[in-house]
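Read through the structure below, which is laid out as structure tokens, and then see the notes.
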Ligand SMILES: [Zn+2]
């Protein structure tokens, strides 16, 4: 085996509960992430040969593999996140299926199954080693695969000085799943020419487009009077919320869109006759239509207020932007990743991410940061699984990228 420590390393990581907590006000959001970084990752980063290893108050564990050939002048960053998604992560008890036969995999005693009839992706993995859950937790391949792969690539490079590379900076960070970890990323301290998040799904994924994202919080002010004498007097805040919603383009909803299509997503609506609140997220790939979507919400608000007095209050907040705007200025990181994958006989799958990544924020801090595959399938729940062979290919890809020499 080329990477004998990869599997055990991954299993060690996933057994630690590092679930993030959206309601927390601390950084990282959970103490378990601090403990994971300082007790497990930092000592191991030193063991595999990283130098200048330290833990920042923003929750990032950072280390450097110095260049071993001065002709490599680019500094490249490798980034993964420690936290896992909002699903039970206590007592992760992975199952290892060697030489997968392509049939139904029972998930422990849970009564849940990984069934190729439900999850067609399983068919690709016949003959491979799969790591699954026991049906009671998520696996946490998102993104402990990425951490294990980066750690393994560094270990391999340390043991094979004949592979020449430039300076490599490694960063393992918190709270990606709750969308705030990268807000405090220190791009000046990280100091690389470009980076990759190793946080993608199946073999070959290479992503440099994300949504541009905003949130909209809308408050509707009603006027409550007795329904028996309401005529011409009552203003029902709930009805205002419905009227607002009905003015949005009917087809622009997540459940009706895919590919490059954007949407308005009503996440929550609550209230009484007197006051109601609605929460939306707005998503689009295109900068112009992203702005138009926000403008459209403003125009609905203004129109309603002109008619009924100031009863609708709209608060729009930008959350992150499509990283393509940064990356397309210099496609070097994409071209390198593509060339490496082609050489490794991995077909690059370049598709837009219908979401965000840490890379969307880090790119706008000045470090272009596309995303490459880490291997996970069915992420964020009990049906999550990963192929060991795909993880090995991710390690190959990382090593290929950092040792890539311009022709
Ligand atoms: Zn992830």
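The values are calculated or read from the model by the stated rules, or taken from the named source; none is laboratory data. Since we're looking at a predicted model, the values are computed, not measured. Every residue, glycine among them, receives a Cβ derived from its backbone with ideal geometry; neighbour counts consider all protein chains shown.
Residue 155 meets each of the listed conditions (1) more than 24 Å from residue 349 (Cα to Cα); (2) part of a strand (DSSP E or B) apart from (2).
Looking at residue 401, is it part of a strand (DSSP E or B), within 24 Å of residue 151 (Cβ to Cβ) and either within 16 Å of the ligand (Cβ to nearest atom) or modelled with pLDDT of 95 or more (or both)? Show your work before the answer.
Values: part of a strand (DSSP E or B): no; within 24 Å of residue 151 (Cβ to Cβ): yes; either within 16 Å of the ligand (Cβ to nearest atom) or modelled with pLDDT of 95 or more (or both): yes.
In short, no.
Within region 326-346, the residues that satisfy the criterion of being farther than 17 Å from residue 192 by Cβ and in contact with a helix residue (DSSP H, G or I) (Cβ under 7 Å, 6 or more places away or on another chain) are 340, 341, 343, 344, 346. Exactly one residue out of 179, 140 is within 16 Å of the ligand (Cβ to nearest atom), in contact (Cβ under 8 Å) with a residue 12 or more places away in the chain, in contact with a strand residue (DSSP E or B) (Cβ under 6 Å, 6 or more places away or on another chain) and at positive phi, and it is 140.
This table checks each residue for (1) surrounded by fewer than 24 Cβ atoms within 10 Å (Cβ to Cβ); (2) out of contact with any strand residue (DSSP E or B) (no Cβ under 9 Å at 6 or more places or on another chain); (3) under 26 Å from residue 161 (Cα atoms).
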| residue | (1), (2), (3) |
| --- | --- |
| 377 | yes, no, no |
| 380 | yes, no, no |
| 391 | no, no, yes |
| 394 | no, no, yes |
| 397 | no, no, yes |
| 400 | yes, yes, yes |
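Only a single criterion out of (1) over 16 Å from residue 11 (Cα atoms); (2) at pLDDT 95 or above; (3) within 16 Å of the ligand (Cβ to nearest atom) is not satisfied by residue 147, namely (1). Could you tell me whether any residue of region 341-352 is in contact (Cβ under 8 Å) with a residue 12 or more places away in the chain, part of a loop (DSSP other than H, G, I, E, B) and within 15 Å of the ligand (Cβ to nearest atom)? Looking for residues that are in contact (Cβ under 8 Å) with a residue 12 or more places away in the chain, part of a loop (DSSP other than H, G, I, E, B) and within 15 Å of the ligand (Cβ to nearest atom), one finds none in region 341-352, hence no. Of all residues assigned to region 295-303, none qualifies as being outside any helix (DSSP H, G or I) and either at pLDDT 95 or above or surrounded by fewer than 23 Cβ atoms within 10 Å (Cβ to Cβ) (or both).
Any residue at all in region 89-98 that's more than 16 Å from the ligand (Cβ to nearest atom), assigned to a loop (DSSP other than H, G, I, E, B) and closer than 22 Å to residue 394 by Cα? Within region 89-98, one or more residues are more than 16 Å from the ligand (Cβ to nearest atom), assigned to a loop (DSSP other than H, G, I, E, B) and closer than 22 Å to residue 394 by Cα.
Anything in region 246-269 that is in contact with a helix residue (DSSP H, G or I) (Cβ under 9 Å, 6 or more places away or on another chain) and in a strand (DSSP E or B)? List them, or say none.
As a first pass, look at region 246-269 and keep what is in contact with a helix residue (DSSP H, G or I) (Cβ under 9 Å, 6 or more places away or on another chain): 247-250, 252, 262-266, 269.
The answer is 263, 264, 265, 266, 269.
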